[in-house]
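Everything on this sheet refers to the single structure shown next.
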Amino acid sequence: MNARQSSVDWVDAVWDVACVVCRVSGATLCEACAVRVVSSAPVTREIAGLEVTALGGYRNELRTLIRAAKAGRSPQSVSRLSPAIRRLIPLDATIAVPMPSSRGGFRQRGWSLAGRVARMTGLPVRDVLTFSNPRTQRGLTADDRWSGRSMILRGRHGLSGHFVVLVDDVCTTGATLTNARRALEAHCVTVVGAVVLASVSP
């Protein structure tokens, strides 16, 4: 955890006492909104042979929560979803690998939402992936997302013999997750699935 993320969490605990979804005072994610976020059935998609399971669709309270976290408004509130995320993890998964942030996104926030979700899985986390071209995906077409998201592994990955679950915040086209799987399998790493907070309907 870096100094900026620690500062964000400290501010959550001390100053932000309103629900980021409904703005009712008392908690950064109130009990009613937390229940609504996890009450819908998980969404599962198969993308290029990869099973991607989401806590829900990218809409309503879940969408508001994710957008608030990415904007730096109480990102710690997402941690309330940890028990629900853990229920989605494939039983044979032994390592969680978060998707890398774009360079601009990480520079703006100083932390990664995908990395935070990966820690919520309860599995050991290996942050080993990076984009070969780390530009943002914002504003790109679906075709551009697929062609521009190739990845490489950083250094010695230490994943031999492990079963990896990929983790991200939102799955849109699945390009990021698919390219992550390709990068890992090129190094003989077994990917058993992917888990995300929300899935955008194709």
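What follows draws every value from the coordinates through simple rules; no lab data is involved. Keep in mind that what you see is a predicted model, and the values were worked out from it rather than measured. With ideal geometry, Cβ positions are generated from the backbone for all residues, glycine too; neighbour counts draw on all protein chains shown.
Key figures for this structure:
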| item | result |
| --- | --- |
| Sorted peptide list for 35-48, 181-194, criterion being average Cβ within 10 angstrom, highest first | 181-194, 35-48 |
| Karplus-derived 3J(HN,Hα), 6.51/-1.76/1.60, for each residue of the range 39-48, Hz, glycine and proline x | 7, 6, 5, x, 10, 10, 10, 10, 10, 6 |
| Nearest-0.05 FRET efficiency for Arg86 and Thr64, computed from C-beta distance (R0 22 Å) | 0.45 |
| Label-point separation in nm, Ser25 to Ala186, each point 7 Å along Cα→Cβ | 5.4 nm |
| Around Arg67: net Lys/Arg minus Asp/Glu count, Cβ-Cβ under 12 Å | +2 |
